[in-house]
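Q: First the structure, which I've put down as structure tokens, then a few questions once you've had a look.
Laboratory data are not the source of any read-out in this text; all were calculated from the coordinates shown. Keep in mind that this is a model prediction, so the values were computed, not measured. For neighbour counting, all protein chains shown are included, and Cβ atoms are generated from backbone atoms with ideal geometry for every residue, glycine included.
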Amino acid sequence: MTEHLDDATLSDVLDGVGAPPGDHLATCADCRRRLDALRQAAAAVAATPPPVPDAVRDRHIAAALAAMAAAPPTGAPARRAPALRRRWWKVAAGLAAAAAAAGLVLPLTRRGGDTGQLAGKEAERAGPAVAAAGAPLDLGAVDAASLPAALASRLPPPGAAPVPPAPAALRCEAALRASTPGVGPLLLAATATWEGRPAVVLAFGARPGPVVAYVTAAEDCAILHFARLP
Amino acid sequence: VGEAPEPSDEALAARAASGDRIALDALLRRHYDRIAALCRRLAGNPVDAEDATQEALCAIVRGLPGFDGSARFGTWAWRVATNACLDELRRRARRPTPGLPADHVAAEPALAEAVATRLDVDAALSAVPEVFRVPVVLRDLLGLDYATIAAVLGVPPGTVRSRIARGRGLLADLLGNPVGPPQRRSDRA
């Protein structure tokens, strides 16, 4: 009985490792067929799967960045409550959805009898930056520490129109909405400088309510930073 | 004027671990396509693969503080991504199938039936046991060498070799390629 080559030997031939199989392969049609079968199997796996749509990729990466913002991977390994140990990216990714849900409240609040009073108080707190709104806004140089304060003083009060977006911000808003459809109403879009780079700051949500802010690169709209404001 | 060289994975990982989101974004985008492809092949369908890919990315982000540079970032990342992807797929597999009794367990495709219907690569791979499927995907899809696969899986290179051979053999059978003659040595294993 002919001793054929086993799959391990033939697999080695495919990968170019192990000892040469000798003359048997050259003379045995059965083993050559088996080698072809293994080669076809390997080629089937090697075929690149259909590409992931850009929107899905961007959403995945944005969620990972958002999760990093929620639990920055600095210093010692992050310690989280047991309930948050798993599915935390869904929690992080859900922040945008929460902002969208909060946005549903806004039209109802506008019908409330005391909305105007609340808006007036918010406008008083907002200060001259909001009162002077009407021109595209530039936040200047901001970083992770200064961003919340920079936004808090400029976010429009409840019932007020959003701050007009800077023209450079429109493209990044569109890109962000394409990858993260649940971000909710736009509250503010401004240019800024982030770590020395031209950036666009986009804030979504409703006032009062949580606000989700994204800092994106002005050049390609890549997300540089994510923050959730109270 | 020549362009500045791309930062290495290890340099980006170090910056990302210290909170640099630009570096993390660049690192994840650099490896995204291959991580998504890995999860796609391990999952066998785009729906499960999407969640598995997300889990893999977040596992890498979570694990960055533990990446000490003693191994190549790629080796570390493949280990983290593979484990996260498989964990997610196992969780999904434990969930009851909608519309079926809670104790219903979906039958794996029988080998003979699979061969008879000449399954596509996703279906065929899903019928290959995980212990063989994973090294085959790491080798044939990602092109990792045996030593790297051994480091990713935490098994000796010899085990990787035998598992790849067994996985390819099963896959060849499932894809409709006839098994060799009865006296083939692998049949006695």
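Q: Using amide H atoms built in the peptide plane, which far-off residues or other-chain residues are under 5 Å from A:His225 H to H?
A: Result for A:His225 returns A:Val215.
Q: Can you list residues from other chains, or at least 5 along the same chain, whose modelled amide H is less than 5 Å from the amide H of A:Glu195?
A: A:Val142
Q: Let me ask something additional. Subtracting the Cα-Cα distance from 0.36 nm times the residue separation, let me have the gained length for B:Glu10 to B:Asp120 in nm, one decimal.
A: Going from the current span to full extension adds 35.9 nm.
Q: Sequence-distant or interchain residues sharing an amide H contact under 5 Å with A:Leu188, placed H: which?
A: A:Ala203
Q: Along Cα→Cβ, 7 Å out, is where each label goes; now give me the distance between the ones at A:Glu195 and B:Val131 in nm to one decimal.
A: Placing both labels 7 Å along Cα→Cβ, they lie 4.5 nm apart.
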